[in-house]
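One structure is given below, encoded as structure tokens.
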Amino acid sequence: MSRIGRKTITVPQGVTVTAETGKVTVKGQKGEVSMPLPQGITVTVDGSNVSVSREGEERHLCEMHGTVRATLVNMIAGVKDGYSKGLEMVGVGYRAEVKANKLYLYIGWTKPAEVEIPKGITCAVDQNTKINLTGISLDQIGVIAAKIRSICPPEPYGGKGIRYAGENIRRKAGKSVAGK
């Protein structure tokens, strides 16, 4: 049996978990998140304890057992406390701004790069170069942060680009002239 999958989850106060056929819903003070369950995986709610089980020992069920439990823990933490991810823009003239539900990145191109921010995620820009994403879904925040970073990833020679907050970019030495 999966070591992670067999552990029970303790639900904190203020959070409710509802297990239906093929679906799990988690409600908290920050919002509501639901997840479809894969075939063969069941979730049982017993008071403030939640357990995940599987029907058989097939490989795909074993793989999904721990994954569903870990995702459920992330959902509970998300509706209770929320998640945030920070990005930094490094480069001369690089800046960002939020208008309506779009993030505009000015990174030296003729037109700004646009990133649509989905429902459930809020985007804030500090000092024109620091982007902060907050929401209740860890998966959504990670996908949007990776999408923003991929527009202009940090390059190892000058260090310019968009990086995660606190990310260390390994710098390479530039060209050196051969001695005469």
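The values are calculated or read from the model by the stated rules, or taken from the named source; none is laboratory data. Just so it is clear, the model here is predicted, and its values are computed rather than measured. Neighbour counts are summed over all protein chains in view; Cβ atoms, including those assigned to glycine, are modelled from backbone coordinates with ideal geometry. Accessible surface areas use protein heavy atoms only, side chains included; no ligands, DNA or RNA. Shrake-Rupley method; radii C 1.70, N 1.55, O 1.52, S 1.80 Å.
Some observations on this one:
- Looking only at segment 56-97, and only at residues there that are in a strand (DSSP E or B) and in contact with a Phe, Trp or Tyr (Cβ under 8 Å, 6 or more places away or on another chain), the one that is most open to solvent (accessible area, probe 1.4 Å): 95
- Filtered residues of segment 98-109 (kept if under 24 Å from the mean Cα position of the chain (by Cα) and open to solvent by 50 Å² or more (accessible area, probe 1.4 Å)): 98, 99, 100, 101, 102, 106
- Out of 169, 162, one residue alone is surrounded by 11 or more Cβ atoms within 10 Å (Cβ to Cβ) and either free of Cβ contacts under 8 Å to residues at least 60 places away in the same chain or part of a helix (DSSP H, G or I) (or both). It is 169.
- Residue list for segment 65-92, filter: within 14 Å of the chain's Cα centre (by Cα), of a type in the set (S, T, N, Q) and more than 30 Å from residue 155 (Cα to Cα): 71, 74
- Residues of segment 99-117 that are out of contact with any Asp or Glu (no Cβ under 8 Å at 6 or more places or on another chain) and farther than 13 Å from residue 148 by Cα: 99, 100, 108, 109, 110, 111.
- Enumeration of residues in segment 118-139 that are buried (at least 19 other Cβ atoms within 10 Å of the Cβ) and without any contact (Cβ under 8 Å) to a residue 24 or more places away in the chain: 121
- Considering only residues in segment 140-159 that are over 12 Å from the mean Cα position of the chain (by Cα) and open to solvent by 30 Å² or more (accessible area, probe 1.4 Å), the one that is farthest from residue 115 (Cα to Cα) turns out to be 157.
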